[in-house]
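S.K.: One structure, as structure tokens, below. Some questions next.
The values are calculated or read from the model by the stated rules, or taken from the named source; none is laboratory data. What you see is a predicted model; the values in this text were computed from it and never measured. Note that we place each Cβ from the backbone using ideal geometry, even for glycine, and neighbour counts take in every protein chain shown. Just the protein is used for accessible areas: all its heavy atoms, side chains included, with ligands, DNA and RNA removed. Shrake-Rupley method; radii C 1.70, N 1.55, O 1.52, S 1.80 Å.
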Protein chains: 2
Amino acid sequence: MSRRNAGKRLALIGCGAMGTALGLRLLGLGWEVRVYNRSPERTAPLRDAGASAHATPAEAVAGADWVATVLTDSAALRALLFGDNGIASAPAAGRRLVDLGTHQPTQLAALGAEAAAAGWPLVEAPMTGSVHDASHGTLHFLVGGAEADVEWASPLLWALGRGVHHLGGLGAGNTAKLALNLLVGVMAGGLGEAIALLRAHGLAVDSFLDALDGSGLASPLYRRLGQRYLDGDHAPRFSLANLEKDLRWECEHALASGLQPRLAPALCRLLAPLSEEAKRRDYSALIADLAGAPSC
Amino acid sequence: MSRRNAGKRLALIGCGAMGTALGLRLLGLGWEVRVYNRSPERTAPLRDAGASAHATPAEAVAGADWVATVLTDSAALRALLFGDNGIASAPAAGRRLVDLGTHQPTQLAALGAEAAAAGWPLVEAPMTGSVHDASHGTLHFLVGGAEADVEWASPLLWALGRGVHHLGGLGAGNTAKLALNLLVGVMAGGLGEAIALLRAHGLAVDSFLDALDGSGLASPLYRRLGQRYLDGDHAPRFSLANLEKDLRWECEHALASGLQPRLAPALCRLLAPLSEEAKRRDYSALIADLAGAPSC
């Protein structure tokens, strides 16, 4: 245990795959981690690694220096903030709430205003990256909130990632997160359309992926998605359902902002007709769907 | 002059910006370069560097080991192949024609069949990269043609680039080139939509570009386009007219192949209404168009 970090105490609300990876990383850095999860059994990996589990959010928050939430949606965040024994019922004592999830920016900004009125200023810091990045401290955070609040949250964020990008007031972080996931969508959809064309003409997809990787368009995303396509490996990491939800939010946010998006709606129209079951697959399955079954 | 390459003789047909950069590179490597261009004055930079200029394609081709064409379109290639004193009127003597341009794959395949019948088998090798890559030998070639013909062309291609990717028979190289330029289009269009959303909410675009560059989506293309957006630098390198043409070809090729493309048509609908003058701008101007004037 690193002495340097001794005494840093985090309350972690939400122990899904990402929350667990983040909590384990902080435990490894010598932090004290206090956890709450609605289904208590999901706290087991963190308890095994030395975290303390608590019966209510308020109890987990008591005595922590930082409070982070990693939840599935805004409804869950609202419930854990304002419900019985919720975060907002604990004394804030100058602390802020750092939310790491992805939300609709206007909803998040509204929630943040309510949280601030209850004495808990909110910093939003949605993440770029995977569980692997969370475990290795290679996340980037797209941060929104008041300057002082973001500064206050920075030691936590820098312990968890390698980039803290402050984009503006509350809502800015999630706006940027949706913009980034639009790029994930266009790259995955574009690669699918490209490979579909190659396959329709019987061309060597692996050679194309090599050329792409050597070109000025090269991206770790193409390398990863191309390899999964060649391997037929679509084990779920980021589901098509989640990609569709983020693209729909991005599209609605853009339209509500007076913009005329073209690519976001095209992607939404592509994903919407898929069955619930099909959407549970990894987003790399989109490439296979567009291109047909891999031949290699 | 490198002795290693002494005696390698190229006939270069077409001395636009790319052709000139390629010819200068080969001269620098010690090749003998024989050039023909319809407008003779455009051969000046190559002549100044030691190339010989010729009055007809047939004359340039005479005595060359390799023959490369770098032309604007298939009509120009057809004219220089089969016109008076065209390439096909020169004795082939086991040589092949290496075309480095971008064409509609079916047109290129048809031209290749005619050229082969006239004794000049064709290898297509459209390029990934810019004039800068051509000057520095960092191009990649997306190659289509018969195995033996491609092998024959390889010494020339490896002298000019750092990747020779053989994708299939004639037409395959240009199919892959159009697929690659679809990705250029979706990345430029996607970045434009993303930045437009950020700007509509007054967010820090430079921080977003930093986060993008640190993420798994990072690409030299985003870095380059993002910087041009921030600088307001849209000096023409690859025109929107050329991007639109390639996207239209890709879209038509996909539809004719029985596919149902979504992103390519969305991009075509975005570009088609622009004026001829607007299309003469660099493709990075697409981002500025979508995002509004830069604020930085």
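S.K.: If only one of A:Arg47, A:Arg25 is in contact with a Gly (Cβ under 9 Å, 6 or more places away or on another chain), modelled with pLDDT of 95 or more and assigned by the TED database to the domain that holds A:Ala68, which one is it?
M.R.: Criteria check complete, one pass: A:Arg25.
S.K.: Filter the stretch A:1-15 down to residues that are modelled with pLDDT of 95 or more and either surrounded by 21 or more Cβ atoms within 10 Å (Cβ to Cβ) or part of a loop (DSSP other than H, G, I, E, B) (or both), then give me how many there are.
M.R.: Of the residues in that region, 6 qualify.
S.K.: Checking B:Ala235 against (1) modelled with pLDDT of 95 or more; (2) more than 7 Å from chain A (Cβ to nearest Cβ), which single condition isn't satisfied?
M.R.: (1)
S.K.: Now for a different question. What are the residues in the stretch B:211-258 that are free of Cβ contacts under 8 Å to residues at least 40 places away in the same chain and in contact with a strand residue (DSSP E or B) (Cβ under 6 Å, 6 or more places away or on another chain), if any?
M.R.: Within the stretch B:211-258, B:Ala211, B:Gly214, B:Ser215 meet the criteria.
S.K.: Let me ask another. For the stretch B:63-106, enumerate the residues that are acidic (Asp, Glu) and touching a strand residue (DSSP E or B) at 6+ places or on another chain (Cβ under 7 Å).
M.R.: Those that are acidic (Asp, Glu) and touching a strand residue (DSSP E or B) at 6+ places or on another chain (Cβ under 7 Å): B:Asp65, B:Asp99.
S.K.: Any idea which of A:Leu230, A:Leu183, A:Leu203, A:Leu191 is surrounded by fewer than 18 Cβ atoms within 10 Å (Cβ to Cβ), aliphatic (A, V, I, L, M), over 30 Å from A:Leu10 (Cα atoms) and not assigned by the TED database to the domain that holds A:Trp120?
M.R.: A:Leu230
S.K.: Residue under question is A:Leu178, and the condition is that it be more than 7 Å from chain B (Cβ to nearest Cβ), closer than 22 Å to A:Gly119 by Cα and buried (at least 24 other Cβ atoms within 10 Å of the Cβ); does it hold?
M.R.: No, not satisfied.
S.K.: Quick check on this structure: which one of A:Ala21, A:Ala55, A:Ala68, A:Ala44 is of a type outside the set (Val, Ile, Thr) and either part of a strand (DSSP E or B) or touching a Phe, Trp or Tyr at 6+ places or on another chain (Cβ under 7 Å) (or both)?
M.R.: The conditions single out A:Ala68.
S.K.: Of the conditions (1) open to solvent by less than 50 Å² (accessible area, probe 1.4 Å); (2) of a type outside the set (Asp, Glu); (3) facing another protein chain (nearest Cβ under 7 Å); (4) touching a helix residue (DSSP H, G or I) at 6+ places or on another chain (Cβ under 8 Å), A:Ala241 clears all except one; give me its number.
M.R.: (3)
S.K.: Output the number of residues of the stretch A:246-263 satisfying the condition of being within 22 Å of the chain's Cα centre (by Cα) and open to solvent by 40 Å² or more (accessible area, probe 1.4 Å).
M.R.: Total satisfying the criteria: 2.
S.K.: Select from the stretch A:24-35 the residues that are open to solvent by less than 30 Å² (accessible area, probe 1.4 Å) and not in a helix (DSSP H, G or I) and list them in ascending order.
M.R.: The answer is A:Gly30, A:Trp31, A:Val33, A:Val35.
S.K.: Limited to the stretch A:57-80, what total is found for residues that are more than 30 Å from A:Ala241 (Cβ to Cβ) and open to solvent by 10 Å² or more (accessible area, probe 1.4 Å)?
M.R.: 6
S.K.: Select from the stretch A:206-223 the residues that are open to solvent by 20 Å² or more (accessible area, probe 1.4 Å) and more than 7 Å from every other protein chain (Cβ to nearest Cβ) and write down the one among them that is farthest from B:Gly226 (Cα to Cα).
M.R.: A:Asp206
S.K.: Hey, another quick one. Consider the stretch A:152-174. How many of its residues are among the polar types (S, T, N, Q), within 12 Å of chain B (Cβ to nearest Cβ) and open to solvent by 20 Å² or more (accessible area, probe 1.4 Å)?
M.R.: Number satisfying all stated conditions: 0.
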